[in-house]
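The values are calculated or read from the model by the stated rules, or taken from the named source; none is laboratory data. Predicted model only: the values in this text are computed from it and were never measured. When we count neighbours, we look across all protein chains shown, and the Cβ atoms used for this are built from the backbone with ideal geometry, even at glycine. Ligands, DNA and RNA are excluded from the accessible area calculation, which covers all protein heavy atoms including side chains. Shrake-Rupley method; radii C 1.70, N 1.55, O 1.52, S 1.80 Å.
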Amino acid sequence: MEEENKNNGLSPIEQEILIEQVRKEMPLLQQVAKEISKVIETYYISFKESPSIEDKDVPAMAVHAAIYHALK
């Protein structure tokens, strides 16, 4: 464990603070991931039904559209 602390450059106290912050934010991150997944799924279905979009392009376009939607 001592060697791990040297490798990441954090003191044990800094590591503990970082871990606590991640634990506090994890529920929010999980909720955001669920919402983004729903948006991606909606765009995916919409693009998949379009005859003018090739099947291989659908996943990338759905993710791109969801990111654009989230940043609006």
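Results, tabulated for the structure shown:
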| read-out | value |
| --- | --- |
| Pairs with Cβ under 6 Å, 6+ apart, first in region 47-66 and free of Cβ contacts under 8 Å to residues at least 12 places away in the same chain and of a type outside the set (D, E, K, R), second surrounded by 10 or more Cβ atoms within 10 Å (Cβ to Cβ) and assigned to a helix (DSSP H, G or I) | 53/47 |
| Residues within region 39-72 that are at pLDDT 90 or above, part of a helix (DSSP H, G or I) and out of contact with any helix residue (DSSP H, G or I) (no Cβ under 9 Å at 6 or more places or on another chain), tallied | 3 |
| Region 10-46, residues that are of a type in the set (D, E, K, R) and either closer than 21 Å to residue 66 by Cα or in contact (Cβ under 8 Å) with a residue 12 or more places away in the chain (or both) | 34, 35, 38, 41 |
| Filter result (closer than 19 Å to residue 33 by Cβ and open to solvent by 100 Å² or more (accessible area, probe 1.4 Å)) within region 48-72 | 64, 68, 71, 72 |
| Residue within region 5-22 that is of a type in the set (S, T, N, Q), open to solvent by 100 Å² or more (accessible area, probe 1.4 Å) and assigned to a helix (DSSP H, G or I) present | yes |
